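Heads up, the thing below is written out as structure tokens.
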């Protein structure tokens, strides 16, 4: 069996994956600058936009660990890695995509919700499991899953904000995925990034 690819250290250190969904290039550049300034080292560009590969490639010199999210097909995965994505995040679990990523030695984080789905995803050799949507189990659900599955790194995503991120982490998540709460066009980006930066030290 191929050795499991560990989750990148930058994710474990930042404890936050910032999700950039369909952001205009200038907004993405602004987000990347603010993340760098606040020492939040990880960004995920979602593949549900035609220009996603270009955006991923454009972040290559940003100093951030750049991944691809909303990877729903093999074509998405191939385009993302070709553009320079350092990790892949799926909203679901697709054995063929996961197998390809493991073969390519690319860290991959598929989505799951129930205990059965979480274990099935983990058994494919993934780096961590994205618990999605996170607001359904909530922090209590993370804590409950950690009981029988303490070895499975969980990354709750969907409904995570600066108001509850610390609760998810305290419940046992290794990191959280946060999108619109931070990157939305009308959100106070600098202020909220500073709040998230404190999560890295709240261990």
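Nothing in this text is a laboratory measurement; each read-out follows from the coordinates by a stated rule. Since this is a predicted model, take the numbers as computed values, not measurements. Note that we place each Cβ from the backbone using ideal geometry, even for glycine, and neighbour counts take in every protein chain shown.
With a ≥ b ≥ c the root eigenvalues of the C-alpha gyration tensor of segment 15-62, is it rounded (a/c under 1.5), prolate (a/b larger than b/c) or oblate? Prolate. The slack in the chain from residue 136 to residue 185, taken as 0.36 nm per residue of separation less the alpha-carbon distance, amounts to 15.1 nm. Any chance you could tell me what percent of the C-alpha pair distances in segment 9-198 go past 27 Å? For segment 9-198, the fraction of Cα-Cα distances above 27 Å is 21 percent.
Mean residue ellipticity, 222 nm, helices only, the chain: the sum of -39500 (n - 2.57) across DSSP H runs of n ≥ 4, divided by residue count and rounded to 500, is -11000 deg cm²/dmol. Comparing 131, 113, 90 in a Gaussian network model of the chain where C-alpha atoms under 10 Å apart are linked, the largest mean-square fluctuation is found at 113. Taking other C-beta atoms within 10 Å as the exposure proxy, 189, 145 rank 189, 145 from fewest upward. In terms of other Cβ atoms within 10 Å, 109, 174 run from fewest to most in the order 174, 109. Of 34, 42, 126, the residue with the greatest mean-square motion in the GNM of the chain, using alpha carbon springs below 10 Å, is 34. Sorting 132, 168, 149 by the number of Cβ atoms found within 10 Å of their own Cβ, with the fewest placed first, yields 149, 132, 168.
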